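Visitor: Please find one structure pasted underneath; my questions will follow.
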Amino acid sequence: MGPYVSQFLLKDIPYGTLLIPQRQDTLVRPVDHLTTWGDWLEVQNGSEPEPDERDFATRRYIQTPRDLAHYVHFDALYEAYLNAALILLGMNAPADPGNPYNFSRNQIGFGTYGGPHILSLVTEVATRALKAVWFQKWFVHRRLRPEEFGGRTDKNLIDPPSTTPTLTLDLARTSVRVPLLGGAAAFARATSGGTSATPEARVLDGVRAPHTVQRAPGN
């Protein structure tokens, strides 16, 4: 990942008198989850998959997207933000130019506009944001999640029901971009007037090319 990983996830963290290296534990056997219809359906119905076995002996810095996913599976709510704040404070990073203590000759910030104030705000904003977005998620935006829509689309196109389909797509107003792989290929053909559900793909130098399916707005 190189420079795509934030330096705040790689630098040592000054934590009081401690200096904590950010080498996290790894997995004994990395596993790809939800790769079959049965696994996907179980999770949609509320089943919790078996947890991955963690390797506490082998530790390393974050290198891959899987490492990042492993990090957020076990981090504390505001861990990354707290660590970033501690690193900046340890570097004596300059305060905002508008900080009133910048203009004082005999005072510094502490409980207001100082280090303790900053660290407490990192915690406070995290809990307020969590409450706000969970309210939006569970009481306001009660919408079909993308992975559930994709699963239902795949099921109806690859294994259509013998009776009336349970999924209706407004294709006249649909503009989607999907790779020609498995169910996505069937979806692309279905929305472009095809009838076959056999996966196909155009191959360019060994790479499956994406395919854009568009529909002009209907009258």
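Visitor: Please list, by residue number, every one of the GluC sites (Glu not before Pro) in the range 1-81 that is coil in DSSP and has at most 15 other beta-carbon atoms within 10 Å.
Guide: Taking the range 1-81 and a limit of 15 other Cβ atoms within 10 Å, the loop GluC sites (Glu not before Pro) found are E53.
Visitor: Determine ³J(HN,Hα), in whole Hz, for all residues of the range 134-148 in sequence, where each value follows from phi through the Karplus function 6.51 cos²θ - 1.76 cosθ + 1.60 and θ = phi - 60°; x replaces Gly and Pro.
Guide: 6, 4, 4, 5, 9, 10, 10, 8, 7, 10, 5, 6, x, 5, 6
Visitor: Which one of T153, F135, Y113 is farthest out on the positive end of the charge dipole of the range 62-165, using unit charges on Cβ (Lys, Arg +1; Asp, Glu -1) and the Cα centre as origin?
Guide: Comparing the listed Cα positions along the dipole, F135 ranks first.
Visitor: Now a separate question. Taking amide H atoms as placed 1.01 Å from N in the peptide plane, list the residues 5 or more away in sequence, or in a different chain, whose amide H sits under 5 Å from that of L27.
Guide: D55
Visitor: With only Lys, Arg, Asp and Glu charged, each at its Cβ (+1 for the first two, -1 for the last two), find how big the charge dipole of the range 14-172 is about the Cα centre; round to the nearest 20 debye.
Guide: With only Lys, Arg, Asp and Glu charged at Cβ, the dipole is about 680 debye.
Visitor: While we're on this one: Using +1 at the C-beta of Lys and Arg and -1 at the C-beta of Asp and Glu, which of L34, V5, A95 has the Cα lying farthest in the positive direction of the dipole of the range 1-124?
Guide: Projecting each Cα onto the dipole axis, the largest value belongs to A95.
Visitor: Between H141 and I108, what FRET efficiency comes out of the Förster formula 1/(1 + (r/R0)^6) with R0 = 41 Å and r the beta carbon distance, rounded to 0.05?
Guide: 0.40
Visitor: Related question: Restricting to DSSP loop positions (anything but H, G, I, E, B) with no more than 16 other Cβ atoms inside 10 Å of their own Cβ, which chymotrypsin sites (Phe, Trp or Tyr not before Pro) remain in the range 50-106?
Guide: Listed in order of number, the matching sites are Y61.
Visitor: Something else about it: What's the magnitude of the charge dipole for the range 112-162 around its Cα centre, counting Lys and Arg as +1 and Asp and Glu as -1 at the beta-carbon? Answer in Debye, nearest 20.
Guide: 220
Visitor: Given Cβ point charges of +1 (Lys, Arg) and -1 (Asp, Glu) and nothing else, what value in debye, to the nearest 20, does the dipole of the range 18-100 about its Cα centre take?
Guide: My answer is approximately 440 debye.
Visitor: Give me the accessible area per residue for the range 13-170, probe 1.4 Å, as a whole number in Å².
Guide: I get 77 Å² per residue for the range 13-170.
The values are calculated or read from the model by the stated rules, or taken from the named source; none is laboratory data. Note that the structure is a prediction, hence the values are computed from the model and not measured. Positions of Cβ are backbone-derived with ideal geometry, glycine not excepted, and every protein chain shown enters the neighbour counts. Accessible surface is based on the protein model in full, side chains and every heavy atom, while ligands, DNA and RNA are left aside. Shrake-Rupley method; radii C 1.70, N 1.55, O 1.52, S 1.80 Å.
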